[in-house]
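This report refers to the structure that appears directly beneath it.
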Amino acid sequence: MTENQPDRASLDAAGLTEMDAVQADIEATRADLAATVDALGEKLDVKSRAGDKVSEVKARVVDGAGRAKQAAPPPVQRAIDVAAEKAGPVVSQVSAKAAPHRGKILAGAAVAFLVLVILRRRGKEDE
């Protein structure tokens with residue numbers, strides 16, 4: 001036998017050769033590494049995470065609005081329905097016109113947020 005080939009005495013208790021055990025360990029390590037890379041990829045996919053968060057918040061808002069409407073008296077429910085009917089086309093039109101400028105709108109919102117954070121910190125430093 002050559003040095004690279006194990007003899008019958010080198011079989012472990014499970015019946016695997018040392019080389020088979022190393023091979024299995026390599027495969028397990030690859031699987032763990034792939035899972036880690038996938039998890040990191042998900043964390044770094046900001047667009048997907050933001051979309052998930054938007055969907056989650058939207059669902060909560062829709063649910064809350066539905067419950068509030070159910071709890072409202074009938075005249076208020078009718079007023080909500082009329083307002084929704086009249087506002088629907090306007091919302092669609094505004095959304096369509098805003099779509100090409102969505103990036104600018106988000107950038108403006110981010111700048112406004114940063115300005116607010118800076119002003120708050122300055123206010124706390126002055127105290």
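The values are calculated or read from the model by the stated rules, or taken from the named source; none is laboratory data. Computed from a prediction, not measured in an experiment: that's the story for all the values here. Positions of Cβ are generated from backbone atoms using ideal geometry, with glycine treated the same way; all protein chains shown enter the neighbour counts.
Name the one entry in ARG78, ARG49, ARG60 that is closer than 23 Å to LEU106 by Cα, surrounded by 11 or more Cβ atoms within 10 Å (Cβ to Cβ) and of a type in the set (Lys, Arg). If you could, list the steps in order and put the result at the bottom.
Values: ARG78 fails: closer than 23 Å to LEU106 by Cα; ARG60 fails: surrounded by 11 or more Cβ atoms within 10 Å (Cβ to Cβ).
ARG49 is the lone residue from the list that is closer than 23 Å to LEU106 by Cα, surrounded by 11 or more Cβ atoms within 10 Å (Cβ to Cβ) and of a type in the set (Lys, Arg).
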Report summary line: Scanning the stretch 34-64 residue by residue, those at pLDDT 85 or above and polar (S, T, N, Q) turn out to be THR36, SER55
Query raised in the report: Which of the residues that make up the stretch 57-110 are touching a helix residue (DSSP H, G or I) at 6+ places or on another chain (Cβ under 6 Å) and among the hydrophobic types (A, V, I, L, M, F, W, C)?
Result: ILE80
Requested in this report: For the stretch 63-76, state whether one or more residues are under 25 Å from the mean Cα position of the chain (by Cα) and among the charged types (D, E, K, R).
Outcome: yes
Report task. Name, by its number, the condition in (1) at pLDDT below 85; (2) polar (S, T, N, Q); (3) exposed (fewer than 10 other Cβ atoms within 10 Å of the Cβ) that does not hold for SER10. Result -> (3)
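Specify which of the listed residues (ALA107, ALA71, ALA65) is exposed (fewer than 10 other Cβ atoms within 10 Å of the Cβ) and among the hydrophobic types (A, V, I, L, M, F, W, C).
On the way: ALA107 fails: exposed (fewer than 10 other Cβ atoms within 10 Å of the Cβ); ALA65 fails: exposed (fewer than 10 other Cβ atoms within 10 Å of the Cβ).
Step by step, each of ALA107, ALA71, ALA65 is checked, and only ALA71 is exposed (fewer than 10 other Cβ atoms within 10 Å of the Cβ) and among the hydrophobic types (A, V, I, L, M, F, W, C).
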Report task. Please state which one of ALA71, ALA28, ALA21 is touching an Asp or Glu at 6+ places or on another chain (Cβ under 7 Å) and either farther than 30 Å from ARG102 by Cβ or of a type in the set (A, V, I, L, M) (or both). Result -> ALA21
